[in-house]
Amino acid sequence: MSPCTEETNKKTIGIIGCGASGLAALKNFAADDSVFKCVAFEQTGSIGGTWVYTDDVDRDQYGLPVHSSMYKSLRSNLPKEIMELSGFPHTGVGDACYFPAAYIQKYLNDFTDHFNLRSHIKFHHHVEKVRPINNNQWELNVLNLQQQSKETFIFDALLICVGNYSNPAIPDVKGSDIFNGKIMHSHSYRDADSFKGKSVLVIGCGASGLDISFGASKVADKVFLSHHNPRLLNLKIPSNYFHKTDFKEIVKDGVIFQDGSYEKIDIIVYCTGYTYKYPFLSNECGIAVENNVIKYLFKHMINIEYPTMGFIGVPRNTTGFYLFDLQSRIFKKIIEGGVKLPNKEEMLQDTLKEIEDRLASGQRLKDLHALGKTKWAMEYYTSVSKFAGIEHPPPVLLQIYFDGIGRLSEDFLNFRGDKYEIIDREHYKVQYFDQNESIIKKQILYSF
């Protein structure tokens, strides 16, 4: 057994994953005055999760699925004001707001060292299985990848911090099996070199879809972006770049679209997002994923069956780094006994009611963990802060998120030049820049 089972006055906390969410959790639980003893498991040799670039695709050196979806040209698509972890502001960057992935990875490494977190992390440790024991504890079977030896750890509470961008969602499309070209997901994209001289179809118009399609247009013969977002039709696009409707069917040498048109295609790139997946959780954990919904989490965070298990960062399309810190602080307060959870039946009813209300509002089942620019975004933060008895998150953070995402769709080629400045909890200034780096709007004051 691991030393974590030794008699101690401190509760033991396990953390799976050392990307931004895992580091936020570790910082909150492993503070110098903490009453907890923490061990974090990272299956790679680096912290940073999806922000760590690797040339590897599909499988890593140990034969495990590659976690990171990072590509060489990636830059953050959210401003730094909402990509900041508690107690560690961005410094030395002037008024710039968007950065290459390497900067974000360095920021996370600096955060780790500033708070002396590295000593709590077991690198090259792959969690193979998790199961509940003694009603409220957790047994982890862990493989030390470098030594190829197995260890068992027991914890009083467990945090799942594996991120949302490692298990690609690939649609089942008629004709995929007969296509003569190449089909790939953005998870395996690293650069545009293989697109040279080709006819490329990118499916999906999120940040990665736009990044990859515009990148491909620099070397490909033709690039087609399949989507149904009318706002993107006003984008300034290269002469070899074409908008297409949703796709209908794949044939041997191309694709037929919903409007009946056909295009000859060499490479199809799915930028269709990711699904939640926790292969290390045994059935006894009480967690299942169906239609991309994790069944069942109270406040998108607490395992209802075993509330000593928390999930950090499940909600998508929201304030990212701030959310990780907020949820970590709430879970810590629960484990400390500062927040009394409802009973299991009450937590389940609360969760089912939220699902019912979201579906009734027209939200798709697979998007129940997505917040985005909906009424559910502010309602979620209001709900969790009230439940945990903590200060409501600054509304300005959501407003900057909404504004940044809107700018991404309106002016994809230039939005990363925009500059934000937080004034107080409810107000901020922003300068929008065009392609000539001229300010097109400036010092606009927003109030939530």
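The values are calculated or read from the model by the stated rules, or taken from the named source; none is laboratory data. Computed from a prediction, not measured in an experiment: that's the story for all the values here. Note that we place each Cβ from the backbone using ideal geometry, even for glycine, and neighbour counts take in every protein chain shown. All accessible areas refer to the heavy atoms of the entire protein, side chains included, with ligands and DNA or RNA removed. Shrake-Rupley method; radii C 1.70, N 1.55, O 1.52, S 1.80 Å.
May I ask you to verify whether LYS277 is charged (D, E, K, R), within 26 Å of the chain's Cα centre (by Cα) and open to solvent by 30 Å² or more (accessible area, probe 1.4 Å)? The answer is yes for LYS277.
For segment 103-144, filtered to residues that are in a strand (DSSP E or B) and among the aromatic types (Phe, Trp, Tyr), the residue that is surrounded by the most Cβ atoms within 10 Å (Cβ to Cβ) is TRP138. Of the strands (runs of 3 or more DSSP E) lying entirely inside segment 145-226, the ones with 1 or more residues being touching an Asp or Glu at 6+ places or on another chain (Cβ under 9 Å) and within 22 Å of SER21 (Cα to Cα) are found at 149-155.
Could you go through segment 6-26 and let me know if any residue there is touching a helix residue (DSSP H, G or I) at 6+ places or on another chain (Cβ under 8 Å), more than 30 Å from VAL130 (Cβ to Cβ), in contact (Cβ under 8 Å) with a residue 40 or more places away in the chain and open to solvent by 50 Å² or more (accessible area, probe 1.4 Å). No, the conditions are met nowhere in segment 6-26.
Among the conditions (1) in a loop (DSSP other than H, G, I, E, B); (2) free of Cβ contacts under 8 Å to residues at least 12 places away in the same chain, ILE47 misses just one, which is (2).
Going through (1) of a type in the set (S, T, N, Q); (2) outside any loop (DSSP other than H, G, I, E, B); (3) out of contact with any Leu (no Cβ under 8 Å at 6 or more places or on another chain) one by one, SER239 falls short only on (2).
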